[in-house]
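> Questions regarding the structure given below will be posed in turn.
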């Protein structure tokens, strides 16, 4: 009996250690985004200033940052400055005044800015996503900010799993982000697809055909019916990754 208790204790101990390591390893991946509108005629100078700032203070690692230009959508002409993918712990240690970070922004970027827009956090949903590297290596991507009806996230997850599998079969990205910070009229979900040219974006890549190959004839229309049943609305943007 004593031997059994010792074996059980040892098992629980190692199980606890393994669980703790797994919990520690699976930190939430987050992206911070800031909408910025440059002054009229200053877009080129703004891009150069942001690029210089990012190379100095956000070149890689937990505080890596990049710039996206909104080509089409309600905020066409705006830019989105993005820090991440990173962790919440890295947000606590982000560069501020030290080493001239804040001074560089205030001196070289802020004078080129007409106004700042929304500042948001987006948690990357790895279980519902495919092709993060495809997006990072693309020239463009389409981003949706999706507002779901209350209590319908479980139905969205079921749809997203099917869209992810279809995207994986076709070799195109499908990324899902969750909004952890509710504000009035804010989106619940962010969706991202990659593309390398607007001609490619306009083409039918056979998504519906592949979807029905996986889930049966008529499944595409059934998915659309359910999608619109759980949807309040969404806002789409086409963006260029500024390099």
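> What order do you get for 125-134, 95-104 when each peptide is scored by the mean count of other beta carbon atoms within 10 Å, highest first?
125-134, 95-104
> Ignoring solvent entirely, what values of log10 I(q)/I(0) come out of the Debye formula for the range 126-243 at 0.11, 0.15, 0.22 Å⁻¹ when each Cα is a single scatterer?
-0.37, -0.71, -1.43
> Once you sort the root eigenvalues of the Cα gyration tensor of the range 137-187 as a ≥ b ≥ c, which label holds: rounded (a/c under 1.5), prolate (a/b larger than b/c) or oblate (the other case)?
The shape class here is oblate.
> May I pose another question? If you rank 182, 53 by fewest surrounding Cβ atoms within 10 Å, what's the result?
182, 53
> Mind listing the Cα extents of the range 28-124 along all three principal axes, in Å, largest one first?
37, 31, 18
> Using a 10 angstrom cutoff on alpha carbons, build the Gaussian network for the chain and name the most mobile of 207, 195, 174.
In this elastic network of the chain, the residue with the biggest mean-square fluctuation among 207, 195, 174 is 207.
> Please compute the contact order of the range 28-124 in relative form: average sequence separation of alpha-carbon pairs under 8 Å and at least six residues apart, divided by the residue count, as a percent.
Reported as a whole number, the value is 50 percent.
> With r as the distance between the Cβ atoms of residue 198 and residue 154 and R0 = 30 Å, compute the FRET efficiency 1/(1 + (r/R0)^6) and round to 0.05.
The formula returns an efficiency of 0.25 here.
> Test of understanding: in a Gaussian network model of the chain with alpha carbons linked when under 10 Å, which of 118, 76, 187 would top the mean-square fluctuation ranking?
Greatest mean-square fluctuation among the candidates belongs to 118.
> Where does each of 63-69, 197-203 land if you order them by average Cβ count within 10 Å, highest first?
Result, highest mean Cβ count within 10 Å first: 63-69, 197-203.
> Which value results when the Cα radius of gyration for the chain is divided by 2.2 N^0.38 Å?
Dividing the Cα radius of gyration by 2.2 N^0.38 Å gives 1.22.
Read the figures in this text as sums done on the coordinates, not as results from a lab. These figures come from a predicted structure and were not determined experimentally. Glycine also receives a Cβ, built like all others from the backbone with ideal geometry; neighbour counts cover every protein chain displayed.
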